[in-house]
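Remarks on the structure that follows.
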Amino acid sequence: MSTTKASRIGEELWKTRVDKINAELVTLTYGTIVAQLCQDYDSDYNEVNKQLDKMGYNIGMRLIEDFLAKSNVGRCANFRETADMIAKVGFKIFLNISPTVTNWTSDNNQFSLIFEENPLADFVELPDDGRAQDELWFSNIFCGVLRGALEMVQMQIEAHFVSDVLRGDDTTEMRVSLVRYIEDEMPPEEE
Amino acid sequence: MSTNDYLVLAGTFHGVHAITRTITPRIPVPSPPSSTSTTSYAFPNPGIPATGLEYLETEKFRLTCFQTLTGTKFLLFTDPLTTNIDVVMRKVYELYADYVMKNPFYQLEMPVRCEAFDRHLGGWLRGRT
């Protein structure tokens with residue numbers, strides 16, 4: 001399936017199948033969660049990153065069913081198709097953004113998502129404590145969501161942010177690596 | 001049927017489904033002439049993995065299995081003459097995604113006991129007849 005076809009599917013679903021809500025409600029809700037986590041973990045930002053990833057993972061495992069039920073797409077033939085599907089259909093229908101897929105490694109197992117816009121981070125300025133800028137990945141929940149969702153469709157991946165405009169970087173970039181395809185589990189032994 | 005009967009049925013079906021998938025015939029893959037005698041086998045279209053049992057039909061009813069890409073299976077029992085089963089299946093899947101998976105208090109992998117799911121599904125089915 002080509003990139004343009006994925007874009008078309010994403011556009012179509014966004015227009016016809018998705019209920020919309022106020023974007024600021026999402027931004028404010030997510031911001032509150034991150035701020036609360038920072039407070040609860042005493043500004044231990046590594047721990048906050050971990051918690052956000054875990055929350056995302058739990059969301060991803062559930063959200064994938066909604067994605068499949070709504071989009072009615074089949075299995076991707078390779079990881080490149082998967083990447084397009086995530087960027088052009090997944091992010092599109094849930095957040096109305098389409099991050100750019102780029103920086104593939106030659107073995108087609110690793111790519112980057114560049115977020116030109118990020119509704120989670122509107123209005124956000126990281127705390128000025130000299131550490132948040134270096135340690136906190138504000139939108140880390142995305143990494144978990146991808147990990148959870150792809151695990152449910154038999155792909156083990158690793159995802160992390162490598163840069164974020166909130167930290168003063170030029171771009172917001174997430175690196176996604178395919179670890180392995182999970183083979184079908186054997187059926188449980190009959191009693 | 002009691003809850004236990006459902007679980008037994010689901011368990012049995014799961015086993016049969018797995019068997020039907022593993023017995024899917026494969027065809028020999030032509031190997032390059034240089035290689036030795038070991039022949040490998042594959043499905044005619046390697047991109048599409050083998051599915052298992054999809055229909056089971058008797059005089060009185062038809063059992064349709066719909067497996068999602070995540071491996072979840074839905075079993076639908078209908079009259080053998082019912083048409084548009086795929087439409088019903090898709091709707092069931094959508095309602096499942098909404099009222100089961102998005103219910104934060106539903107625990108994954110546990111039996112589905114979501115009243116809202118039953119209610120919406122019932123309502124939708126009644127609206128069709």
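Just a few scattered comments:
- Neighbour counts of other Cβ atoms within 10 Å put B:17, B:120 in the fewest-to-most order B:120, B:17.
- Extension gain, residue A:5 back to residue A:129 (0.36 nm per residue minus Cα-Cα distance, nm): 40.1 nm
- Here the label points at residue B:70 and residue B:110, each 7 Å from Cα along the C-beta direction, are separated by 1.6 nm in the simple model.
- Values of log10 I(q)/I(0), in the order q = 0.11, 0.15, 0.16, 0.19 Å⁻¹, for chain A under a Debye, Cα-only, solvent-free model: -0.51, -0.93, -1.05, -1.43
- Trypsin sites (Lys or Arg not before Pro) lying in DSSP loop within the stretch A:1-110, provided at most 11 other Cβ fall within 10 Å: A:20
- Between residue B:22 and residue A:16, the modelled label-to-label distance comes to 4.2 nm, taking each label 7 Å out from Cα in the direction of the beta carbon.
- Sites residue B:78 and residue A:35, calculated FRET efficiency, Cβ-Cβ separation with R0 35 Å, nearest 0.05: 0.10
- Ordered by the count of other Cβ atoms within 10 Å of each Cβ, fewest first, B:41, A:45, A:30 give B:41, A:30, A:45.
- Across A:20/A:88; A:15/A:88; A:50/A:92; A:50/A:70, pairs whose alpha-carbon gap is larger than 22 Å: A:50/A:92; A:50/A:70
- Length gained on full extension, residue B:40 to residue B:10: 7.4 nm, using 0.36 nm per residue less the C-alpha separation.
- If R0 is 56 Å, the Cβ-Cβ spacing of residue B:61 and residue A:80 corresponds to a FRET efficiency of close to 0.80.
- Dipole magnitude of the protein assembly as shown, debye to nearest 20 (Cβ charges: Lys/Arg +1, Asp/Glu -1, about Cα centre): 1500
- Cα-based reach from residue B:60 at 29 Å (exclusive), listing lysines while leaving out same-chain residues under 8 positions away: B:73, B:91
- Counted by neighbouring Cβ atoms within 10 Å, the residues A:164, A:44, A:128 run from fewest to most as A:128, A:44, A:164.
- Spin-label pair residue A:122/residue A:105, simplified geometry with 7 Å Cα→Cβ offset, distance in nm: 3.6
- Net charge over other residues, Cβ less than 15 angstrom from the Cβ of residue B:81 (K, R count +1; D, E count -1): -1
Taken together, the values in this text are just the output of simple stated rules run on the coordinates, not laboratory data. Owing to the predicted nature of the structure, the values given are computational and were not obtained by experimental measurement. Glycine gets a Cβ as well: all are built from the backbone with ideal geometry, and neighbour counts include every protein chain shown.
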